[in-house]
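This report concerns only the one structure given below.
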Amino acid sequence: NAGVTQTPKFQVLKTGQSMTLQCAQDMNHNSMYWYRQDPGMGLRLIYYSASEGTTDKGEVPNGYNVSRLNKREFSLRLESAAPSQTSVYFCASSESTAPDTEAFFGQGTRLTVV
Amino acid sequence: GIQVEQSPPDLILQEGANSTLRCNFSDSVNNLQWFHQNPWGQLINLFYIPSGTKQNGRLSATTVATERYSLLYISSSQTTDSGVYFCAVFPLAGGGADGLTFGKGTHLIIQP
């Protein structure tokens with residue numbers, strides 16, 4: 001039972017390069033999320049997908065795009081990476097966006113933009 | 001938006017000691033979770049506890065929703081308990097659509 005799986009685990013990009021972070025969950029959850037974690041901070045929500053076919057902005061969406069490919073997969077794309085996007089990225093899923101549901105997180109992707 | 005404050009920010013203890021971590025939140029919540037981020041960066045679910053008390057081995061948690069705080073207790077600490085402990089909430093007013101709001105965490109170091 002893998003839960004939430006993210007790829008890659010580590011990535012180094014040059015400023016201006018693009019890349020896509022992949023996330024897949026095997027818990028049949030409807031809702032998925034992308035967060036970023038910066039040093040000394042908690043996690044902040046970038047985008048979320050309440051259900052297949054829908055996506056919405058979170059607290060810090062600028063510079064990112066997302067795609068809910070199907071129920072299992074939710075990807076995060078950086079079109080033109082900037083040093084300010086150096087961070088650890090976490091994908092999460094939950095049964096729904098109803099407030100009384102538990103969220104589960106992937107192992108994170110450590111991204112460095114130079 | 002809702003504010004989540006955790007205390008203390010840092011805590012250094014000897015193996016075998018007990019500790020209490022606190023999470024205060026500024027508004028009513030429907031959901032509260034405690035996570036442990038281990039030294040490898042992995043976020044591990046500890047408790048889903050919007051109210052009441054739960055126990056899991058040496059760890060227990062209590063949330064008093066009416067007073068807007070939650071406590072995480074760690075007894076007989078082990079070095080493997082080291083890491084950062086996060087509290088995260090779903091605000092009642094937000095309807096849950098904005099995802100969890102995290103505190104900044106308590107960095108716990110357990111020394112042998």
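Computed from the coordinates by the stated procedures, all read-outs in this text should not be read as laboratory data. All figures in this text were calculated on a predicted structure; none of them were measured in a lab. Heads up, the Cβs are rebuilt from the backbone with ideal geometry, glycines too, and the neighbour counts pull from every protein chain shown.
The residue of the stretch A:86-109 that is farthest from residue A:34 (Cα to Cα), among those that are of a type in the set (Gly, Ala, Ser) and more than 7 Å from chain B (Cβ to nearest Cβ), is A:96.
Of the strands (runs of 3 or more DSSP E) entirely within the stretch B:13-112, those holding at least 1 residues that are loosely packed, with under 14 Cβ neighbours inside 10 Å and free of Cβ contacts under 8 Å to residues at least 24 places away in the same chain occupy B:43-48, B:52-56, B:59-64.
Evaluate the following for residue B:112: is it touching a helix residue (DSSP H, G or I) at 6+ places or on another chain (Cβ under 7 Å) and over 29 Å from residue A:50 (Cα atoms)? Yes, satisfied. Here residue A:40 does not fit the description of being in contact with a helix residue (DSSP H, G or I) (Cβ under 7 Å, 6 or more places away or on another chain) and not basic (Lys, Arg). Yes or no: the stretch B:77-91 includes at least one residue that is facing chain A (nearest Cβ under 9 Å) and touching a helix residue (DSSP H, G or I) at 6+ places or on another chain (Cβ under 8 Å). Checking the stretch B:77-91: not a single residue is facing chain A (nearest Cβ under 9 Å) and touching a helix residue (DSSP H, G or I) at 6+ places or on another chain (Cβ under 8 Å). Scanning the stretch A:24-44 for residues being facing chain B (nearest Cβ under 10 Å) and charged (D, E, K, R) gives a total of 1.
Let's see how each residue does on (1) surrounded by fewer than 15 Cβ atoms within 10 Å (Cβ to Cβ); (2) in a loop (DSSP other than H, G, I, E, B); (3) at the interface with chain B (Cβ under 10 Å from one of its Cβ atoms); (4) aliphatic (A, V, I, L, M):
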site: A:12; (1), (2), (3), (4): yes, no, no, yes
site: A:22; (1), (2), (3), (4): no, no, no, no
site: A:46; (1), (2), (3), (4): no, no, yes, yes
site: A:66; (1), (2), (3), (4): no, no, no, yes
site: A:71; (1), (2), (3), (4): no, yes, no, no
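I'm trying to understand the selection: among the residues of the stretch A:24-34, which are in contact (Cβ under 8 Å) with a residue 60 or more places away in the chain and assigned to a strand (DSSP E or B)? A:25, A:31, A:32, A:33, listed by residue number. Of everything listed in (1) buried (at least 18 other Cβ atoms within 10 Å of the Cβ); (2) farther than 16 Å from residue A:36 by Cβ; (3) away from chain B (no Cβ under 12 Å), the single unmet condition for residue A:80 is (1).
Taken as a whole, the condition of being surrounded by 14 or more Cβ atoms within 10 Å (Cβ to Cβ), of a type in the set (S, T, N, Q) and closer than 25 Å to residue B:4 by Cβ does not apply to residue A:5. Restricting attention to the stretch A:48-64, and to residues there that are within 14 Å of chain B (Cβ to nearest Cβ) and in a loop (DSSP other than H, G, I, E, B), which single residue is farthest from residue B:83 (Cα to Cα)? By that ranking, first place goes to A:54.
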